[in-house]
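Structure first, commentary second.
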Amino acid sequence: FKILLSLAVLEEGLASPEEMFNCTGEYIFNNQVTMACWREGGHGNLSLAQGFANSCNPAFIEVGLRLGTKQVLNYVDKLHLTDETIIGYYPGNMGTYVEIEGGEPALGNASLGQKGVMISPMQIASLVSTVADNGYWGPPSLVKYTVDQNGTVNLFPAEYREQVISSVAASQVRRFMETAVEEGTGKGAIIAEAPVAGKTGTSQTGRITNDNEEVLNVWFAGYLPADQPRWAVVVMAEEGSSGAQDCAPVFREISRGILQLY
């Protein structure tokens, strides 16, 4: 979800990649409500680009609050984030949604992709593809045509592309994703064969183990080659530890396999 927020805040001109944020290890809404950063003690002063690369929670809570709930939901629609279309396949209602309750803490939670955000790996792959394709979105396609018992070929509707975000904002977030792999939480995705770009993620499930530990689903989403994008790959590990530990290495192996094939 930090990918979407980055696109939105840059498109709206409400922040720049170089703008500095301060992370003390928590974001304080009021005397009763705070939200922690994953890094105990915080990241200190860091730019928006560095905040993305290091997945800084307080920086992106601030980004979400600048945008406001209405604008965040507008970009959810604009970027087709909850669109469940897959050409040639009807999955039924997958139950994906983005719903944000009132109040700043609820928006802060949603800004981290937590409460109120229910998204599938396919939809994240579509979002990553939009970034990699200079701001153009197109529905994922599984089937190009069918052949009936008489040998008649029935083509599915031609694929279409729609520019949903400016190429400027897309290129800035592409650089964010490259930095996240080069210097940030996504280092485990690095391969020698080609430059890659991506982003780690952690999502809460609402479930608690017998040891009173929260069950998390962890992610790595990215594309390659970073300089000439051709493939988007999303890895999700259920009940994982972190996207950096559990998913980035899987992305790395998938990427190597793709390059060996092509």
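Between helix 2-11 and the chain there is an angle of about 90 degrees, using the helix long axis and the longest principal axis of the Cα atoms.
Label-to-label distance for residue 175 and residue 89 is 3.5 nm, based on points extended 7 Å past Cα in the beta-carbon direction. Here is the list for region 116-203: GluC sites (Glu not before Pro) lying in DSSP coil, each with at most 13 other C-beta atoms within 10 angstrom of its C-beta, are 159, 183, 193. A 1.4 Å probe run over region 79-171, with the rest of the protein chains in place, finds 55 Å² accessible per residue. Both radii are taken from the alpha-carbon atoms of region 18-160; with Rh as the Kirkwood radius, Rg/Rh is 1.12.
Taking only the Cα atoms of the chain, the ratio Rg/Rh comes out at 0.98, with Rh defined as the Kirkwood radius.
In a DSSP loop and with at most 13 other Cβ atoms within 10 Å, the GluC sites (Glu not before Pro) in region 1-78 are 18, 40. Cross-link pairs exceeding 25 Å between alpha carbons, from the set 70/187; 115/187; 78/199; 2/78: 70/187; 115/187.
If you build a Gaussian network model of the chain, linking Cα atoms that sit under 10 Å apart, which residue out of 190, 86, 165 swings the most? Ranking 190, 86, 165 by mean-square fluctuation puts 86 first. Angle of helix 167-182 to the longest C-alpha principal axis of the chain, folded into 0 to 90 degrees and rounded to 10: 70°. Rounded to 0.05, the FRET efficiency of the residue 142 and residue 36 pair, given R0 = 30 Å and the Cβ-Cβ distance, is 0.15. So between residue 115 and residue 227, what do we pick up on full extension, going 0.36 nm a residue minus the alpha carbon distance? Net length gain for the segment: 36.9 nm.
Report summary: the helix-based calculation at 222 nm, which adds -39500 (n - 2.57) for every DSSP H run with n ≥ 4 and divides by the residues of the chain, gives -10000 deg cm²/dmol. Please list, short to long, the whole-number percent of alpha-carbon pairs of region 169-212 in consecutive 5 angstrom bins beginning at zero. The percentages, shortest bin first, are 6, 20, 20, 16, 10, 10, 9, 7, 3.
Between residue 161 and residue 24, the simple spin-label model (points 7 angstrom out along Cα→Cβ) gives 4.7 nm.
Electrostatic bookkeeping for residue 74 treats Lys and Arg as +1 and Asp and Glu as -1; over the other residues with beta carbon under 12 Å from its beta carbon, the sum is -1. Shown are 83, 211, whose ranking by accessible area with a 1.4 Å probe and every protein chain present, most to least, is 211, 83.
For the pair residue 66 and residue 45, label points projected 7 Å from Cα toward Cβ lie 1.7 nm apart.
Taking the accessible area of the chain, probe 1.4 Å, and keeping the other protein chains in place, the carbon and sulfur fraction comes to 47%. A simple count of charges around residue 164, restricted to other residues whose Cβ falls under 12 Å of its Cβ and scoring Lys, Arg +1 and Asp, Glu -1, yields -3.
Projecting the Cα atoms of 153, 141, 166 onto the charge dipole of the chain, computed from C-beta unit charges around the Cα centre, puts 153 farthest toward the positive end.
The values are calculated or read from the model by the stated rules, or taken from the named source; none is laboratory data. Since this is a predicted model, take the numbers as computed values, not measurements. All Cβ positions, even for glycine, are placed from backbone atoms using ideal geometry, and neighbour counts span all protein chains on display. Note: accessible area is taken over every heavy atom of the protein model, side chains too, but ligands, DNA and RNA are not part of it. Shrake-Rupley method; radii C 1.70, N 1.55, O 1.52, S 1.80 Å.
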